[in-house]
Amino acid sequence: MRNYDKKYVSGSKSMLHGGDYNPDQWLDRPDVLADDVKYMQLAHTNAFSIGMFSWSSLESEEGVYHFEWLDDIFENIHQIGGKILLATPSGARPAWLSQEYPEVLRVNAERQKQLHGGRHNHCFTSKVYREKTQQINRMLAERYGKHPALLMWHVSNEYGGECHCDQCQSAFRNWLKEKYNNDLQSLNNAWWTPFWSHTYSDWSQIESPSQIGEKEVHGLNLDWRRFVTDQTISFYKDEIAPLREVTPDVPVTTNFMADTDDLIPFQGLDYSKFAKYVDVVTWDAYPAWHNDWETTADLAMKVGFIDDLYRSLKQQPFLLLESTPSQVNWHKVNKAKRPGMHLLSAMQMVAHGSDSIMYFQWRKSRGSSEKFHGAVVDHDNSTGNRVFQEVAKVGETLEKLNSVVGTNRPADVAILYDWDSNWALNDAQGFGMETKHYPQTLQQHYRTFWEKNIPVDVITKENDFMNYKLLIVPMLYLVSEETIARLKTFVANGGTLIMTYISGIVNENDLTYLGGWHSDLQEVFGINPIETDTLYPKDKNHVSYQNESYELKDYATILDMKGAKTEGMYLEDFYANTSAVTSHSYKNGKAYYIGARLDKAFHESFYSTLIEELDLEEDLPVKSGKSVSVQVRRDNKNDYIFIMNFTEKPQTVNFEKKVKDMITGEQLKGEMQLEKYGVKIGISPRQSTK
Ligand code: GLA
Ligand code: ZN
């Protein structure tokens with residue numbers, strides 16, 4: 001089951017605990033650096049990402065290098081048994097580089113050249129920047145590649161954004177030429193360019209989308225986003241070339257993100273493509289715990305969803321590379337994590353597949369924009385304050401969880417997330433302009449499984465569908481014929497497939513399917529969706545399902561029945577008494593269509609029926625209520641059971657079978673109270689054969 005050991009945490013079989021360490025901010029304070037090493041041990045930390053913003057400290061002028069300070073840091077950390085995730089510094093460049101080679105500066109969509117400043121803002125096409133990055137990366141690899149403390153490469157930092165400079169325009173045109181086999185007519189066809197007389201007669205006329213230019217050719221927008229992903233990956237591949245060459249056995253990663261405040265997967269890059277080029281997926285999680293618009297359990301559910309997506313990208317454990325031990329400094333309101341929340345939120349990450357808890361950052365900066373961002377060591381330099389103590393507690397806990405490292409989290413249920421479809425749907429002028437909410441809709445479908453402690457893989461079209469009993473495909477607006485064929489095979493072979501309103505509308509070029517719903521989908525679902533009604537926020541309608549009435553909002557699809565069975569009916573409006581939810585047996589499997597955006601209660605009822613029918617519930621040794629999450633990681637011998645109270649009140653949990661507490665060593669048995677934000681981690685010999 002530990003199928004990823006080779007390139008993953010080759011030097012360590014321990015849970016990683018630590019974070020971004022930026023000693024170059026403190027080089028004139030040897031006393032502070034000395035404290036760091038002492039405190040790292042007190043905090044039970046063992047892994048540090050170093051150098052992600054160190055370029056100007058490493059190369060103060062072009063060709064003038066200073067590695068001595070980093071040599072010392074490597075030694076200091078090595079001496080306390082710590083490991084280093086060495087960053088390449090391309091995330092922020094020195095001023096001399098921008099000054100000497102202005103082509104590295106980005107041009108924004110309005111075609112304005114940006115000044116030097118900030119970070120994460122280089123041109124991803126610039127040959128000079130690629131060369132400069134390779135140069136410094138090679139030097140780092142040659143100098144530290146064999147150092148026993150080196151664990152992993154942390155490449156750049158949070159890649160994102162786009163550049164519209166001339167070099168990027170020509171790279172985009174070349175990308176298009178390759179995609180369309182040098183055939184401009186086929187591009188014009190794919191983009192439906194005769195509309196508004198947008199037909200291109202020469203490749204040089206094509207420009208990236210812009211508010212001051214072309215913004216409504218949807219095929220162009222979609223291809224541009226795909227290009228941005230590919231060009232970012234291309235930059236990354238250049239970055240890692242010297243690392244692969246000099247240190248072929250050292251794993252490589254780059255930190256992925258989520259979009260906050262409404263915690264959803266990062267929208268800017270298609271991580272399903274990017275994941276192929278990292279050895280381990282890592283991400284930076286900053287949920288707004290204790291916010292005033294949702295319950296703690298609601299937010300925990302969303303965090304779980306992203307974890308399950310990023311874990312499923314490579315079907316192996318991931319690493320939490322950044323989080324805050326207390327506050328962040330860029331939410332609208334930067335609230336402190338309440339006592340207990342740090343351990344709880346950390347354990348949730350591990351429960352969903354993380355083999356690390358890392359922070360941004362080790363020591364709070366003294367100046368500049370992140371001087372108030374939570375850190376392990378605060379400005380008071382104290383190891384006695386609440387935050388430091390809670391971090392140390394997480395460290396002590398992780399030390400007892402080393403046997404969990406590398407274990408899996410097998411699931412029979414999958415939800416399909418698709419970046420292409422999300423981009424195309426957001427671009428679509430139609431439906432509700434503000435109610436599309438694709439990622440949020442998927443989270444709503446995920447909820448019932450999370451509440452019932454049934455593991456879910458959130459997969460992409462890159463994953464194999466055949467591994468699952470149940471595949472849920474909400475709002476798959478854009479779908480290629482190839483994916484349709486794979487969905488059909490999935491059902492034919494015995495799978496249960498759920499699809500919803502606004503699915504199967506356009507192909508991979510964002511061109512609508514003509515002549516009704518795709519014939520393969522009609523065959524599998526036994527329906528033809530003929531009209532999608534879009535509602536105002538105050539409009540109400542209901543669907544009856546299993547003798548109950550459930551509220552719908554935003555979307556309702558009117559269906560032409562072609563052999564499917566009616567499971568739910570619309571109750572109001574001109575489509576009252578027509579089918580809203582259907583089921584259809586196709587070969588060895590079954591396909592359900594949910595025609596309307598239905599409420600939480602419907603999902604609970606609908607999925608509960610399926611969970612029973614498909615026998616998806618595992619016989620866990622512990623039973624609990626909805627807001628107590630029980631998540632399991634597993635190896636050949638054991639289940640590692642994480643029991644987490646995401647409420648502000650004590651909750652009763654019932655251990656029906658004996659489970660050994662991995663932290664205290666005691667036997668957990670019978671009924672017990674789990675305190676507010678309480679967490680228990682138990683180990684139990686394998687219960688089931690799943
Ligand atoms: C991101 C960055 C870090 C830091 C944190 C602060 O995740 O990668 O460098 O700025 O945000 O939350
Ligand atoms: Zn550029």
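Each value in this text was obtained by applying a stated rule to the coordinates, not by laboratory testing. Since the structure is predicted, the reported quantities are computational estimates derived from the model, not experimental observations. As a convention, Cβ positions derive from the backbone with ideal geometry for all residues, glycine included, and neighbour counts pool all protein chains shown.
General observations
- Enumeration of residues in segment 175-206 that are within 25 Å of residue 106 (Cβ to Cβ) and out of contact with any helix residue (DSSP H, G or I) (no Cβ under 9 Å at 6 or more places or on another chain): 178, 205
- Within the option set 363, 311, being within 15 Å of ligand 1 (Cβ to nearest atom), surrounded by fewer than 24 Cβ atoms within 10 Å (Cβ to Cβ) and either farther than 16 Å from residue 457 by Cα or under 20 Å from the mean Cα position of the chain (by Cα) (or both) holds for one residue only, 363.
- Pairing each residue of segment 567-588 that is on the phi > 0 side of the Ramachandran plot with any residue that is among the acidic types (Asp, Glu) and in a strand (DSSP E or B), provided the two are 6+ apart or on different chains, yields C-beta distances under 9 Å for 573/533.
- Checking residue 99 against (1) surrounded by 17 or more Cβ atoms within 10 Å (Cβ to Cβ); (2) out of contact with any Leu (no Cβ under 8 Å at 6 or more places or on another chain); (3) among the polar types (S, T, N, Q), the condition it does not meet: (1)
- Among the residues making up segment 125-155, those that are within 16 Å of ligand 2 (Cβ to nearest atom) and either under 30 Å from residue 80 (Cβ atoms) or touching a helix residue (DSSP H, G or I) at 6+ places or on another chain (Cβ under 7 Å) (or both) are 125, 126, 128, 129, 130, 132, 133.
- Evaluation of residue 183 against the conditions (1) surrounded by fewer than 18 Cβ atoms within 10 Å (Cβ to Cβ); (2) farther than 29 Å from residue 358 by Cα; (3) within 16 Å of ligand 2 (Cβ to nearest atom) shows that the sole unmet condition is (3).
- Any hit, segment 97-113, residues being of a type in the set (A, V, I, L, M, F, W, C), within 16 Å of ligand 2 (Cβ to nearest atom) and either assigned to a loop (DSSP other than H, G, I, E, B) or in contact with a Phe, Trp or Tyr (Cβ under 6 Å, 6 or more places away or on another chain) (or both): yes
- Residue that is surrounded by the fewest Cβ atoms within 10 Å (Cβ to Cβ), among those in segment 119-145 that are among the charged types (D, E, K, R), in contact (Cβ under 8 Å) with a residue 60 or more places away in the chain and away from ligand 1 (no atom under 16 Å from the Cβ): 142
- Within segment 620-667, if we keep just the residues that are touching a helix residue (DSSP H, G or I) at 6+ places or on another chain (Cβ under 9 Å) and of a type in the set (D, E, K, R), the residue that is nearest to residue 401 (Cα to Cα) turns out to be 633.
- Of all residues in segment 58-81, none satisfies being part of a loop (DSSP other than H, G, I, E, B), among the hydroxyl-bearing types (Ser, Thr, Tyr) and in contact with a helix residue (DSSP H, G or I) (Cβ under 8 Å, 6 or more places away or on another chain).
- Condition met for residue 475 (among the hydrophobic types (A, V, I, L, M, F, W, C) and either surrounded by 24 or more Cβ atoms within 10 Å (Cβ to Cβ) or outside any helix (DSSP H, G or I) (or both)): yes
- Residue that is nearest to ligand 1 (Cβ to nearest atom) [pool: residues in segment 246-272 that are surrounded by fewer than 18 Cβ atoms within 10 Å (Cβ to Cβ) and free of Cβ contacts under 8 Å to residues at least 60 places away in the same chain]: 259
- Output for segment 97-109, where each listed residue is under 29 Å from the mean Cα position of the chain (by Cα) and either closer than 20 Å to residue 133 by Cβ or among the acidic types (Asp, Glu) (or both): 104, 105, 106, 107
For every residue, the table says whether it meets (1) closer than 24 Å to residue 469 by Cα; (2) among the β-branched types (Val, Ile, Thr); (3) in contact (Cβ under 8 Å) with a residue 24 or more places away in the chain.
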residue: 602; (1), (2), (3): yes, no, yes
residue: 624; (1), (2), (3): no, no, yes
residue: 639; (1), (2), (3): yes, no, yes
residue: 657; (1), (2), (3): no, no, yes
residue: 673; (1), (2), (3): no, no, no
residue: 685; (1), (2), (3): no, no, yes
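- Residue in segment 193-207 that is more than 21 Å from residue 512 (Cα to Cα) and within 16 Å of ligand 2 (Cβ to nearest atom) present: yes
- Among the residues of segment 277-307, the one identified as assigned to a loop (DSSP other than H, G, I, E, B), farther than 29 Å from residue 241 by Cβ, in contact (Cβ under 8 Å) with a residue 60 or more places away in the chain and not β-branched (Val, Ile, Thr) is 285.
- Residue within segment 293-301 that is buried (at least 20 other Cβ atoms within 10 Å of the Cβ), touching a helix residue (DSSP H, G or I) at 6+ places or on another chain (Cβ under 7 Å) and not aliphatic (A, V, I, L, M) present: no
- Only a single item in (1) closer than 28 Å to residue 639 by Cβ; (2) not in a strand (DSSP E or B) is not met by residue 356, and it is number (2).
- Residue in segment 91-101 that is more than 16 Å from ligand 1 (Cβ to nearest atom) and over 25 Å from residue 66 (Cβ atoms) present: no
- Where strands (runs of 3 or more DSSP E) fall entirely within segment 621-690, those with at least 1 residues that are surrounded by fewer than 20 Cβ atoms within 10 Å (Cβ to Cβ) and β-branched (Val, Ile, Thr) are at 651-661, 679-685.
- From 326, 368, residue being free of Cβ contacts under 8 Å to residues at least 12 places away in the same chain and in a loop (DSSP other than H, G, I, E, B): 368
- Residue in segment 339-350 that is away from ligand 1 (no atom under 16 Å from the Cβ), on the phi < 0 side of the Ramachandran plot and among the β-branched types (Val, Ile, Thr) present: yes
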